[in-house]
Amino acid sequence: MVIQVNNQNLDFTIERDETLGEVVRDIETWLEGTDLVLYSVKHEDRELLSTPYEQWGATPHTEVGTLDVKVKHTRELAALNLQTILEYLDMLEQSITAGNGERLEELLSGFSALVESLGKHFPTSEASLQTLTTLFENSKAGQVLAWAEEKQQQALKLIELVFSQVSFRLQELQDPKAALKTLTGALTICIEEISEISILLQTGKDRRAMDTIVRFSELSQSLVRLVASIFPDNSNEKLQAFYQDLNGVLSELLEAFTAKDSVLIGDLMEYEIAPRLEQLRTFLQELT
């Protein structure tokens, strides 16, 4: 058997009695610990990974001439998946706008797969994604198209918001430095918002305060991902020291939330976190 990985012959030792299924498992084991993922395995133009294992797994490897294997980088696979999500959201929006019940029903039948994919890219589940799930999960096309105009418009705006979030996540993968530059600008708005949390909490505007904290949390997570992507080996000591210091403050903030101490929450956001974010913004501007 000749094994070709991305059209290059692979020097791979195969035991004499190994089956085709065992060879594929050996290749998967070989890829473990790398950033590569088994994407396709073909024998005579037959895609094995999408065919029941029982139909090919027991085939002796001596009966296989060439095994065409394709591997992709995890980043590339994630980008492909995000592209698929964007296409789905675009079709969902078009179907609702056009009142296309047949197409909408087809899309909603695959909504659970969309939720699963979103969960891989957004493990902490942004509020907008949770709302989208609540709105469309277990819904039928007829129900959606029967929604009042106001609810339909809210749904369309929500789809647009999620589309924007997914698009930015795709940009993070394809051009992390450009994405970091975008977030550096967003930090300016975030700093202004969190500096007002004390006033919001003191005046009973808890909901607005919490919305601001949620936006801060989402922005922080994006920044951490991008910094880790651009400096994968903690090569920037200044950034590393900054995040170690910030983590200490965030731990205090978590304790304040646990104790439901709104005064301490406001003080930490305004006097501890906001100044540190200003330092981060200045530093990132130098980098980008």
Q) When residues of the range 67-85 are filtered for being more than 30 Å from ARG169 (Cα to Cα) and either acidic (Asp, Glu) or surrounded by fewer than 13 Cβ atoms within 10 Å (Cβ to Cβ) (or both), how many remain? A) 1
Q: Output the number of the condition that LEU180 fails; it satisfies all remaining conditions of (1) closer than 28 Å to LEU104 by Cα; (2) out of contact with any His (no Cβ under 9 Å at 6 or more places or on another chain); (3) hydrophobic (A, V, I, L, M, F, W, C).
A: (1)
(Q) For the structure I just gave you, tell me whether LEU223 is assigned by TED's automatic domain parsing to the domain that holds GLY185, in contact (Cβ under 8 Å) with a residue 40 or more places away in the chain and buried (at least 18 other Cβ atoms within 10 Å of the Cβ). (A) yes
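Among the helices (runs of 4 or more DSSP H) confined wholly to the range 52-156, which include 3 or more residues that are in the same structural domain as ASN7 (by TED's automatic domain parsing) and in contact with a Phe, Trp or Tyr (Cβ under 8 Å, 6 or more places away or on another chain)? Steps first, please.
On the way: elements: 74-98, 101-109, 111-121, 127-136, 141-145.
No helices (runs of 4 or more DSSP H) qualify here.
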Q: For the range 1-17, name all the residues that are surrounded by 14 or more Cβ atoms within 10 Å (Cβ to Cβ) and farther than 17 Å from LEU31 by Cβ.
A: MET1
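Matching residues to (1) under 12 Å from MET1 (Cα atoms); (2) at pLDDT 90 or above:
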position: ILE14; (1), (2): yes, no
position: GLU22; (1), (2): no, yes
position: GLY33; (1), (2): no, no
position: VAL41; (1), (2): no, yes
position: ARG46; (1), (2): no, yes
position: SER50; (1), (2): no, yes
position: ALA58; (1), (2): no, yes
position: LEU67; (1), (2): yes, yes
position: LYS70; (1), (2): no, yes
**Q.** Residue list for the range 250-288, filter: among the aliphatic types (A, V, I, L, M), part of a helix (DSSP H, G or I) and free of Cβ contacts under 8 Å to residues at least 60 places away in the same chain
**A.** LEU250, LEU253, LEU254, ALA256, LEU264, LEU268
Q.
Tell me the residue from GLU218, GLU252 that is of a type in the set (Asp, Glu) and over 23 Å from the mean Cα position of the chain (by Cα), please.
A. GLU252
Q) Exactly one of (1) assigned to a helix (DSSP H, G or I); (2) more than 17 Å from the chain's Cα centre (by Cα); (3) crowded, with 18+ Cβ neighbours inside 10 Å is unmet by ASP26. Its number? A) (3)
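The values are calculated or read from the model by the stated rules, or taken from the named source; none is laboratory data. Please read these numbers as outputs of a predicted model, since none were measured by experiment. Note: ideal-geometry Cβ built from the backbone for every residue, glycine included; neighbour counts use all protein chains shown.
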